[in-house]
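The structure appears below as structure tokens.
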Amino acid sequence: MLGRLRNGCWMLTAAAGSRAGPRAHSSSAASGLLRSQAYIGGRWVEAGDGARFPVQDPTSGRQLAEVADCGPREAREAVRVAYGSWPSWRAATSKERSNLLRKWHDLMIKNKDELARLITAENGKPLQEAFSEILYAASFLEWFSEEARRVYGDVVPTSSPNRRILILKQPIGVASVITPWNFPSAMLTRKVGAALAVGCTVVVKPAEDTPLSALALAELADQAGVPAGVFNVIPSSKSNTPAVGEVLCTDPLVAIISFTGSTATGKILLRHACDTVKKASMELGGNAPFIVFDSADLDLAVAGAVNSKFRNSGQTCVCANRFLVQEGIYDAFVEKMVKAMHRDLLVGSGFDEQTTQGPLINERAVQKVESQVSDAVSRGACIVTGGKRHSFGAMFFEPTLLSNVTTDMLCTQEETFGPLAPVLKFRTEEEAVTIANSTNVGLAGYFYSRDYAQIWRVAEQLEVGIVGVNEGLLSTPEAPFGGIKQSGLGREGSKYGVDDYLEIKYVCFGGL
Ligand code: NAP
């Protein structure tokens with residue numbers, strides 16, 4: 001139920017759904033694919049000093065496993081091994097590489113339930129979303145197994161009758177890959193699928209919070225027959241991560257650093273990479289605008305808004321971060337959005353079938369949402385629903401909607417990475433585009449309109465790499481994924497996803 005307050009804020013009288021507090025799910029963590037050692041050169045190994053770090057279930061706080069804590073020494077060793085395996089891998093035919101990627105894909109599909117349970121255990125996202133992530137992750141292995149056979153060069157017409165120009169595309173070499181916790185399987189396969197397809201070898205450092213998914217994929221790569229040393233995984237704790245990252249970005253045997261994570265970390269890695277002039281592929285943070293024009297189909301916009309904002313409890317880099325709604329439909333949008341949130345969002349353990357909102361990844365993430373809400377309220381925003389930590393458990397936050405939001409608030413200036421939907425009011429299209437573009441990042445942007453001329457204008461004017469027009473979910477292996485401004489460098493997925501892992505060589509045939 002909604003009522004109206006004197007100051008124009010919408011006020012909620014019924015809370016979003018939830019269930020009883022968190023329980024430990026003893027059957028949650030998959031057993032057959034649970035690996036706790038590093039995977040280097042086709043062997044499961046401990047860190048040299050025997051160090052391990054704990055992996056926790058963010059829902060219950062329970063320890064799931066202890067994993068080998070690799071440091072710079074293991075990183076250098078993994079790079080050396082990957083470099084040693086490169087000549088034979090690059091010499092394999094594209095069909096051989098394609099077949100191995102396809103086998104790896106098939107094994108992911110065969111083990112999809114177990115892989116999904118691993119994601120839910122270490123990341124907390126609802127099982128249905130984890131299952132979707134596995135299908136999405138496997139789709140990159142399938143896609144790049146197909147692309148492996150289409151890495152064409154060129155023969156270029158010349159102005160000299162006695163010359164011919166040939167252009168070859170060749171694998172760049174060893175790729176260092178650093179992945180985040182929010183899509184622990186898909187961010188790995190989106191990079192590794194492309195790298196392996198064209199003949200590069202890789203060393204992966206997964207996030208401290210979610211190493212188990214990466215290690216399970218290593219087990220399946222091994223079962224698929226990916227040769228030793230071609231794909232290596234070195235988990236590390238947050239205390240070892242900076243030193244491991246430095247090796248992965250500075251070792252002369254590495255040719256490219258491919259990273260998905262925050263813009264702040266991306267800048268550190270770029271600085272490391274510049275001394276040896278390495279190529280860099282960077283998928284960094286966003287601050288996606290979600291614009292709803294007066295001409296929009298309001299119900300479609302609300303459905304898209306809930307999908308875009310609350311998937312993975314708001315922890316996706318393409319999440320709607322700022323809702324800009326035109327004045328003629330502002331009140332109706334807020335009312336419908338809150339109703340949809342109450343109807344569709346259920347907070348709880350990811351292992352409960354009906355849950356749609358799992359925990360945030362850690363305490364730092366919860367604090368960030370909390371501080372953005374209190375900053376917004378102190379500057380005049382109204383809490384329409386949610387607004388505080390959720391009673392289900394320490395890492396849970398209520399799905400929250402704020403109205404009366406303005407552009408000076410932290411929640412519009414920074415990426416939230418949590419279940420917070422701040423709604424701003426605008427008057428004109430020009431104003432909406434100006435607000436949308438007034439940020440130094442540009443990953444995804446969304447807008448809803450039924451005015452075709454407006455659709456063309458706004459799609460062209462938004463300063464982002466990915467645009468959703470009347471659509472809130474955009475990711476698919478066929479389309480290029482990536483941002484502009486400080487959201488990154490390069491594109492992943494699609495026919496462009498192999499480009500970062502290739503060098504172009506010009507060969508001139510003379511004297512003909
Ligand atoms: P993060 O702190 O940058 O962590 C991401 C990865 O980088 C983790 O593996 C982390 O390892 C590692 N890392 C952190 N500091 C490092 C350092 N000094 N050297 C080497 N590696 C380092 O990012 P996050 O906050 O966890 O993840 C969320 C961010 O990722 C958001 O900004 C989101 O927008 C972005 N993201 C972008 C995309 C995209 O495609 N553009 C996709 C997903 C997420 P540890 O865990 O061990 O610290």
task: Output the residues belonging to segment 172-185 that are more than 9 Å from the ligand (Cβ to nearest atom) and surrounded by 23 or more Cβ atoms within 10 Å (Cβ to Cβ).
output: VAL174, ALA175, SER176, VAL177, PRO184, SER185
task: Of the conditions (1) at pLDDT 90 or above; (2) over 22 Å from TRP181 (Cα atoms); (3) crowded, with 16+ Cβ neighbours inside 10 Å, GLY84 clears all except one; give me its number.
output: (3)
field: Answer from THR434, THR412 - the residue that is open to solvent by 30 Å² or more (accessible area, probe 1.4 Å) and hydroxyl-bearing (Ser, Thr, Tyr)
entry: THR434
- request: Kindly provide the set of residues from segment 460-469 that are part of a loop (DSSP other than H, G, I, E, B) and open to solvent by 50 Å² or more (accessible area, probe 1.4 Å), ordered by number.
  value: GLU463
Residue among VAL373, VAL369 that is assigned to a helix (DSSP H, G or I) and either more than 21 Å from the chain's Cα centre (by Cα) or surrounded by fewer than 23 Cβ atoms within 10 Å (Cβ to Cβ) (or both): VAL373
- prompt: Does ALA148 meet the test of being buried (at least 24 other Cβ atoms within 10 Å of the Cβ) and touching a strand residue (DSSP E or B) at 6+ places or on another chain (Cβ under 8 Å)?
  reply: no
message: So, in segment 478-488, exactly how many residues are under 13 Å from the mean Cα position of the chain (by Cα) and away from the ligand (no atom under 12 Å from the Cβ)?
response: 0
Only one of LEU166, LEU217, LEU196 that is away from the ligand (no atom under 16 Å from the Cβ), among the aliphatic types (A, V, I, L, M) and surrounded by 24 or more Cβ atoms within 10 Å (Cβ to Cβ): LEU196
task: Check every one of the strands (runs of 3 or more DSSP E) wholly within segment 227-333 and list those with 3 or more residues that are more than 10 Å from the ligand (Cβ to nearest atom) and more than 15 Å from the chain's Cα centre (by Cα).
output: 231-233, 254-260, 288-292, 320-326
message: Tell me which strands (runs of 3 or more DSSP E) are completely within segment 97-194 and hold 2 or more residues being at pLDDT 95 or above and touching a helix residue (DSSP H, G or I) at 6+ places or on another chain (Cβ under 8 Å), or say none if there are none.
response: 164-171, 174-178
Filter result for the condition that a residue is within 16 Å of the ligand (Cβ to nearest atom), free of Cβ contacts under 8 Å to residues at least 40 places away in the same chain and not charged (D, E, K, R), over LEU402, LEU443, LEU410: LEU410
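The values are calculated or read from the model by the stated rules, or taken from the named source; none is laboratory data. Bear in mind that the values here come from a model prediction, so they are computed numbers and not experimental data. FYI the Cβ positions are ideal-geometry reconstructions off the backbone, even for glycines, and counts take in every protein chain you see. The accessibility values were calculated without ligands, DNA or RNA, using every heavy atom of the protein model including side chains. Shrake-Rupley method; radii C 1.70, N 1.55, O 1.52, S 1.80 Å.
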